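Let me begin by presenting the structure, written as structure tokens, before commenting on it.
The values are calculated or read from the model by the stated rules, or taken from the named source; none is laboratory data. Everything numeric here is computed off the predicted structure, so don't read it as measured data. Here the Cβ is made from the backbone with ideal geometry for all residues, glycine too, and neighbour counts use every protein chain on show. Remember, those area values only see protein heavy atoms, side chains included, never the ligands or the DNA or RNA. Shrake-Rupley method; radii C 1.70, N 1.55, O 1.52, S 1.80 Å.
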Amino acid sequence: MRILLIVFAPVIGGLIVGFERIIRARMQRRIGPPLFQPFYDFLKLADKRKMMVHSSHAFLGLMHFISLWFALAVLLLGGDLILVIFLHLLSTSLLILAGFSTRSVFSHLGANRTAISVLAYEPVLIVIAVSIFMLTGSFTAASVFSYPAPLLFKMPLAFIALLLILPIKMKKSPFDVADAHQEITGGVELEFSGIFYEAVFTAKWLDYIFCYTLVYLFAGSNVTLGIALIGFVFFFTNALDNSTARVNYKQMLRFSLAVSFSLAFVNLIINILL
Amino acid sequence: MKLSAFRKKSPWILHYNAGGCNGCDIEILACLAPKYDIERFGMINTGNPKQSDILLVTGPVTKRSRERLVEIYSQMPEPKVVVCCGVCACSGGVFRDMYNCEGGVDQFIPVDVYVCGCGARPEQIIDGVVEALSILEKKTKAMEETVQLKNQPVNEGTQLNRRNTAAAIIQPQ
């Protein structure tokens, strides 16, 4: 089951993105594109002429996709949570390197902002992983998947902290400074084109699966609760995306370090004391 | 199924104002709004030349925007189509022959579809883009690729010949 999920992760992520575009359109009283629209985009981009900036730029984009897939595989197979978080960081830093490797100003801006968003969500994730260790006695995701009671009721503050940093990771308003489409036209992905853009394009789909798996961790071995949590987070992030405007990167950093990080930290202290 | 069949299904738009009065631009943005909702055809306003298929140009080409227009056009990967929105982009409109205006877009880059009106109505813009999609489907990558000047005979596969071939395909006599 998990192997299937890992192998078909890009396909499932694409379906999630297609569904999300319909839901977001319905929230704005539009009809929205068909469900398979991401795949149409994918196949169209495969047909366009490749305009490579230079080979290492394209290679870094490709490696971003592969290392993200690897991080997702480690997470789904029940690997070490700290390792998973750092593998995810590795894939993001490959994208940052790709952004800095071109001469485009927008690309540099996007890479800068991606680095800042990593600074915003990474400490929170680490603290959440440590509090999971305090609760279950192990850093592995497998111990969480087999934990009898759902983690949600033992560490609700950490879940709220995760909920507040997910818009940063999924690049959604109000914290989509890294992707800021109307402002810097996508940032790091700006210089990718044709078939090489698809690596970055599909890496976003994988990122969705990664984020929803992190949410699923909070349900422990309870599958029904896990699916309910994923549904809740899906509607929450989309409603938030539709109803808020972008904040600037300083506000994002301040909010995430002041609110999300302190929530996760209080949760950690409670977990240590109890 | 060939990949070229999917060109029509996800046209990504690049919107460039070459010096117009913003009247056509708000109509283009009205197409994206709930009433006309062109996202249901899979269109996205990308703002990024390297990932877009359709170049929507509004306004007369001024001396300042001329180089940027050509640069944006050359940064778009093939296959691509150009749609002129509004009478200014088609011929210069009321600004024609003014000292700061260079005239229509087709003096600098090849234009596929002309959408008239001042400003062009959203229905007309959608109509023009749908027209552009049928042209986009017919265009082939090989015809638009730059001709490599090597030690090859000039008469075969040159840009002139390719242009004739393209014209024959796009408008079958």
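List of remarks:
- The alpha carbon centroids of the range A:70-113 and the range A:20-59 are separated by 21 Å.
- Phi-based couplings in Hz for the range A:51-68 (Karplus 6.51, -1.76, 1.60; Gly and Pro marked x): 10, 7, 6, 7, 5, 6, 4, 5, 5, 5, x, 5, 5, 4, 4, 5, 5, 5
- Annotation: the antiparallel percentage among DSSP beta bridges lying fully within the range B:1-119 is about 5.
- Carbon + sulfur, % of accessible area of the range A:1-54 - ligands and nucleic acids excluded, 1.4 Å: 72 percent
- Taking the Cα centre of the range B:1-138 as origin and assigning +1 to Lys and Arg Cβ atoms and -1 to Asp and Glu Cβ atoms, the resulting dipole is close to 280 debye.
- Protection-proxy order for peptides A:13-25, A:155-167, B:61-73, each taking the mean of Cβ atoms within 10 Å per residue, highest first: A:155-167, A:13-25, B:61-73
- Shown in residue order for the range A:134-146 are the 3J(HN,Hα) couplings computed by the Karplus curve 6.51 cos²θ - 1.76 cosθ + 1.60 at θ = phi - 60°: 5, 7, 9, x, 8, 8, 7, 5, 4, 5, 6, 4, 9 Hz (x for Gly and Pro).
- Total accessible area lost when A and B pair, probe 1.4 Å, Å² to nearest 100: 2600 Å²
- Within the accessible area of the range A:178-249 (1.4 Å probe), percent carbon and sulfur: 66 percent
- Ranking by accessible area, most exposed first, for A:171, A:250 with a 1.4 Å probe: A:250, A:171
- Heavy atoms of residue B:15 accessible to a 1.4 Å probe, total area in Å² rounded to 10: 50 Å²
- Heavy-atom accessible area ranking, 1.4 Å probe, most first, across A:103, B:7: A:103, B:7
- Hypothetical label at residue A:145: residues of the range A:196-217 whose amide nitrogen lies under 13 Å (7 Å Cα-Cβ projection): A:213-214, A:216-217
- Overall Cα dimensions of the range B:32-71 - principal axes, largest extent first, Å: 36, 22, 11
- Peptide B:77-85 - average C-beta neighbours from other chains (10 Å radius): 2
- The residues A:124, B:94, sorted by heavy-atom accessible surface at 1.4 Å with ligands and nucleic acids left out, run B:94, A:124 from largest to smallest.
- Taking Lys and Arg as +1 and Asp and Glu as -1, the other residues whose beta-carbon sits under 15 Å from that of residue A:69 total 0.
- Volume of the convex hull of the range A:166-273 (Cα atoms only), normalised per residue: 128 Å³.
- Other residues lying with their Cβ under 12 Å from the Cβ of residue B:19 contribute a combined charge of +2, Lys and Arg counting +1, Asp and Glu -1.
- Dividing the mean sequence gap of close Cα pairs (under 8 Å, 6+ apart) by how many residues chain A holds gives a relative contact order of 28 percent.
- For residue B:50, net neighbour charge (Lys/Arg +1, Asp/Glu -1) across residues whose Cβ lies under 10 Å away: -1
- Axis of helix A:156-169 versus longest Cα principal axis of chain A: the two differ by about 10°, to the nearest ten degrees.
- A Cβ-based charge dipole, computed about the Cα centre of the protein assembly as shown with Lys and Arg at +1 and Asp and Glu at -1, lands at about 220 debye.
- Distant-in-sequence amide H partners of residue B:56 (H built 1.01 Å from N, under 5 Å): B:14, B:15, B:16, B:83
- Segment residue A:239..residue A:5, full-extension length gain: 81.6 nm, with 0.36 nm per residue of separation and the alpha-carbon distance subtracted.
- Modelled label positions at residue A:56 and residue A:221, each set 7 Å beyond Cα in the direction of Cβ, lie 5.0 nm from each other.
- Taking amide H positions as modeled 1.01 Å from N, with prolines and chain starts lacking one, no residue 5 or more places away or on another chain lies under 5 Å from residue A:192.
- Minimum 20 Å² accessible area buried by the other protein chains, the range A:21-40 residues, probe 1.4 Å, relative to alone: A:21, A:30, A:31, A:32, A:33, A:37, A:40
- Degrees separating the helix A:37-47 axis from the principal Cα axis of chain A, which is the longest one: 40 degrees
- Degrees between helix A:261-273 axis and first principal axis of chain A (Cα, 0 to 90, nearest 10): 30 degrees
- For a label point 7 Å along the Cα-to-beta-carbon line of residue A:153, residues of the range A:237-274 with backbone N under 13 Å: none
- Taking all protein chains as shown and a probe of 1.4 angstrom, residue A:4 keeps an accessible surface of around 100 Å².
- Calculated accessible area for the protein assembly as shown comes out at 46 Å² per residue, all protein chains present (probe 1.4 Å; ligands, DNA, RNA ignored).
- Convex hull volume of the C-alpha atoms in the protein assembly as shown, normalised per residue: 159 Å³.
- Gap separating the Cα centres of the range B:66-131 and the range A:178-198, nearest whole Å: 25 Å
- By the helix-only formula, in which each DSSP H run with n ≥ 4 contributes -39500 (n - 2.57) and the sum is divided by residues, chain A has a 222 nm mean residue ellipticity of -23500 deg cm²/dmol.
- DSSP beta bridges in the protein assembly as shown [antiparallel fraction, %, rounded to 5]: 10 percent
- Among A:249, A:75, A:224 the positive-end extreme of the charge dipole of the protein assembly as shown (Cβ point charges): A:224
- Only protein heavy atoms count here; under a 1.4 Å probe, residue B:108 has an accessible surface of about 60 Å².
- For residue A:80, residues with placed amide H under 5 Å, excluding near neighbours: A:141
- ³J(HN,Hα) computed for each position of the range B:82-98 - Karplus, 6.51 cos²θ - 1.76 cosθ + 1.60, integer Hz, glycine/proline x: 10, 10, 8, 10, x, 5, 5, 5, 6, 9, x, x, 6, 8, 4, 6, 7
- Using C-alpha pairs under 8 Å with a sequence gap of at least 6, the mean separation divided by the residue count of the range B:61-108 gives a relative contact order of 45 percent.
- Inter-chain shielding of A:182-190 (mean C-beta neighbours from other protein chains, 10 Å cut-off): 3
- With contacts taken as Cα pairs under 8 Å and at least 6 residues apart, the range A:76-142 reaches a relative contact order of 51 percent.
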